[in-house]
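Right, one structure below, let's go through it.
Where a number appears in this text, it was derived from the coordinates with a stated rule and is not lab data. Every value quoted in this text rests on a predicted model; they were computed, and no experiment measured them. Positions of Cβ are backbone-derived with ideal geometry, glycine not excepted, and every protein chain shown enters the neighbour counts.
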Amino acid sequence: MSDDAHKELNRLRDEIREHDRRYYVLADASISDREYDRLLERVRELETQHPERITPDSPTQRVGGEPLTGFEHVEHAVPMLSVDNTYDESQLREFDQRIQKRLEGDAYAYLVDAKIDGVAISLTYEDGLLTLAATRGDGATGDDVTANCRAIQSVPLRLSGSNVPKLIDIRGEIYWPRAAFDAYNEQRIANGEAPFANPRNATTGTLKQLDPSKVVGRGLAFSAHGVGRLEPLDDFPDSNLELYELMRSWGIALYRNVQCVNSIDAAIDICNAFSKQRATLGYEVDGMVLKIDSRKQRERLGFTSRYPRWCIAYKYEAEQGESVLLDVDFQVGKLGTITPRARMEPVQLAGTTVRHASLHNFDQVERLDVRIGDTIIVEKAGEIIPQVVRVVIEKRPKNAKPIERPTICPACGSSVEQDEGGVYLRCTSIDCVAQRKERLTYFCHRDQMDIEGAGKVLIEQLVDAGLIKDCADFYSLHQKRDQVAAIERMGEQSTDNFLAGVETSKQKPLSKLLAALNIRFVGGSTATAIAEHFENIDAVMSASIEELLEVDGVGDELAASVHAFFENRANRDVIRRLRDAGVNVTQPKKTTDAKGPFAGLTVVVTGTLEELTRNKAHELIESLGGTVTKSISKKTDLLVAGTKAGSKLAKAEKLGVEVIDESEFIRRTNS
């Protein structure tokens with residue numbers, strides 16, 4: 001690479017980082033999305049021409065490598081403790097009195113910061129480069145989610161500006177902005193997938209994705225609220241407010257309206273004022289946090305076993321609204337579960353208009369004693385579908401109508417029954433049209449057979465047109481291509497894409513098919529365990545309950561469910577038709593070498609490997625007779641340590657576990 005090209009590459013990377021800082025930290029975008037994309041494309045072009053110049057902190061390197069097989073546990077150098085909280089203003093004053101007493105009359109100030117409702121995270125930067133992102137976990141140990149956090153645009157891969165610390169642990173929250181969350185849910189619904197319940201839980205699930213590429217496009221964001229380690233400490237101000245300004249200059253996003261005040265009264269005024277503003281924000285905030293500004297005073301105040309003594313969260317009660325119950329809809333799920341849903345007069349909650357609310361189940365309806373015509377209190381604590389929490393009995397009209405449990409399925413008219421020992425009411429018919437649509441949609445989901453284009457709307461249209469009744473019918477649709485193309489909003493290209501997706505799905509392993517069949521209690525991991533144990537569908541269908549119980553992770557209830565499913569003649573006929581259509585019904589066991597170099601050994605891999613991916617190393621260990629685990633214990637026989645091995649290496653040495661490097665590991669795999 002010429003000097004001019006090298007200078008251009010560095011200049012473009014710095015320019016992109018500055019645009020990221022202006023967008024995510026200052027909320028002051030200086031160029032259009034198209035101009036930004038042109039800069040990024042030019043960086044990709046230069047890196048393609050000169051791959052030796054690709055660096056880990058390049059803006060093109062947010063996602064890369066193979067999917068993970070699991071998350072390593074990492075120890076926090078400074079524990080990530082929870083924050084004590086209260087809903088009571090008087091307890092804030094009691095907290096302030098304790099501060100006064102412990103600081104013995106010294107002057108102090110409070111930082112008042114928004115408590116974003118997200119997932120706590122610690123980002124470690126060494127010499128400005130992001131080297132680790134870890135969840136809180138139990139406070140002492142969390143999960144290494146670095147690969148997924150690198151895919152979040154507002155997490156800088158390298159700190160910019162001057163006076164960047166040699167080492168810093170930045171503490172904050174990963175959250176899902178409401179607009180991005182709603183847009184993603186709309187897409188899920190259009191694809192026939194269930195919407196995520198709320199941003200916080202969905203953020204947790206996103207950070208647990210083993211494939212970082214699935215994090216891209218969801219629009220997650222990061223906001224800092226503090227610091228763990230900071231080295232060299234003496235180079236930085238005692239005031240955290242001043243440190244916040246430095247962090248912003250490095251490209252770290254923080255809550256923009258953090259304030260520093262000198263009295264508890266002023267802090268409480270900020271909390272009360274903010275309670276009226278938070279609904280206008282584009283993300284979930286469930287309170288404010290009061291923190292002593294001075295680092296040295298924080299050190300004097302110290303910690304309890306669970307909380308820092310220098311901060312407290314003032315949380316807001318879940319937002320509630322009053323409405324009138326107009327009617328109750330009964331929705332039927334893929335396993336026949338009948339769920340009551342309130343239909344009510346529109347009410348404003350958390351900045352959105354709400355017309356429906358969950359009643360969960362019919363036991364809950366009876367506990368609430370809710371009736372049609374009642375004035376109800378609806379609560380929205382981050383949920384996408386709010387819930388009815390109580391009835392305003394004094395406003396009950398004389399003609400309020402009790403909600404009766406359905407005695408027949410609202411979709412197909414079949415009989416219903418209560419779960420034995422449970423709270424759910426279910427339709428008993430396997431021919432229920434509502435269940436059929438839900439089951440077929442589930443069959444096509446990306447986590448099951450992954451049929452492209454088979455969203456909920458298309459499935460309903462195919463069922464209503466009489467083109468499919470069960471999952472085996474998908475594989476004869478090519479014979480009815482013209483009828484499929486005639487469906488509203490399909491057309492020639494969409495039809496071809498959909499039918500190609502059906503054909504591609506035939507190659508999915510048995511585990512995906514088992515997961516897609518809607519067998520009660522059988523999820524993805526259980527389906528994989530069963531498929532690898534029996535290897536083909538015939539062995540699964542003929543297995544006794546006792547034989548199913550031999551599968552790792554299968555208990556009595558699950559074994560009985562699988563056995564009953566395959567005893568059903570109609571289900572066996574569907575399997576026959578799937579096989580006849582060419583759908584794969586096998587899955588070979590993972591082969592292992594009982595005499596391999598790792599036979600009988602429990603092995604942990606840690607640190608960064610240069611020649612192999614972590615997944616490949618795990619595969620080699622298992623194929624050569626070893627068992628892979630994530631954490632070091634007395635049962636560990638061998639640690640394969642790459643660079644930056646960290647705490648696992650220290651623990652292995654302390655326990656006397658054999659430690660080898662990557663080159664020795666490769667030598668043993670080839671021996």
- [ ] Please work out how much length the chain gains when fully extended from ALA190 to ALA560, using 0.36 nm per residue of separation minus the C-alpha to C-alpha distance, in nm with one decimal.
- [x] 129.7 nm
Open item on the list: Just to confirm my numbers, what's the Cα centroid distance between the range 450-512 and the range 128-196 in Å?
Closed with: 36
TODO: Using only the Cα atoms of the range 319-402, build the gyration tensor, take square roots of its eigenvalues as a ≥ b ≥ c, and label the shape rounded, prolate or oblate: rounded if a/c is under 1.5, else prolate if a/b is larger than b/c, else oblate.
DONE: oblate
Open item on the list: Going by Cα centres, the range 395-413 and the range 553-611 are how many Å apart?
Closed with: 45
Open item on the list: Show me the ranking of peptides 504-514, 570-580 by mean Cβ neighbours inside 10 Å, starting with the highest.
Closed with: 504-514, 570-580
Open item on the list: Let me check against my output: what whole-number percent is the relative contact order of the range 510-580, with C-alpha pairs under 8 Å and at least 6 apart?
Closed with: 28
Open item on the list: Order 246-259, 112-125 from most to least packed using the mean count of other Cβ atoms within 10 Å.
Closed with: 112-125, 246-259
Open item on the list: Over 25 Å between Cα atoms: which of LYS166/LYS208; LYS101/LYS166; LYS214/LYS512; LYS508/LYS630; LYS208/LYS616 fall into that group?
Closed with: LYS166/LYS208; LYS101/LYS166; LYS508/LYS630
Open item on the list: From Cα pairs below 8 angstrom and at least 6 apart in sequence, can you work out the relative contact order of the range 500-645, rounded to a whole percent?
Closed with: 22
Open item on the list: With an 8 Å Cα cut-off and a minimum separation of 6 or more residues, compute the relative contact order for the chain in percent.
Closed with: 10
TODO: Take the alpha carbon gyration tensor of the chain, find the square roots of its eigenvalues, order them as a ≥ b ≥ c, and report rounded if a/c is under 1.5; if not, report prolate when a/b exceeds b/c, else oblate.
DONE: oblate
- [ ] Can you tell me the order of 539-546, 320-327 when each peptide is scored by its average per-residue count of other Cβ atoms within 10 angstrom, highest first?
- [x] 320-327, 539-546
Task: Gyration tensor verdict on the range 602-669 (Cα atoms; rounded if a/c is under 1.5, prolate if a/b is larger than b/c, oblate otherwise) - done: oblate
Open item on the list: Give the residue list of trypsin sites (Lys or Arg not before Pro) in the range 389-438 that are DSSP loop and have at most 11 other beta-carbon atoms within 10 angstrom.
Closed with: LYS398
TODO: Determine which lysines satisfy two conditions relative to LYS276: a Cα distance under 20 Å, and not lying fewer than 8 residues away in the same chain.
DONE: LYS115, LYS315, LYS380
Open item on the list: Between the range 69-98 and the range 212-230, what is the separation of their alpha carbon centroids in Å?
Closed with: 19
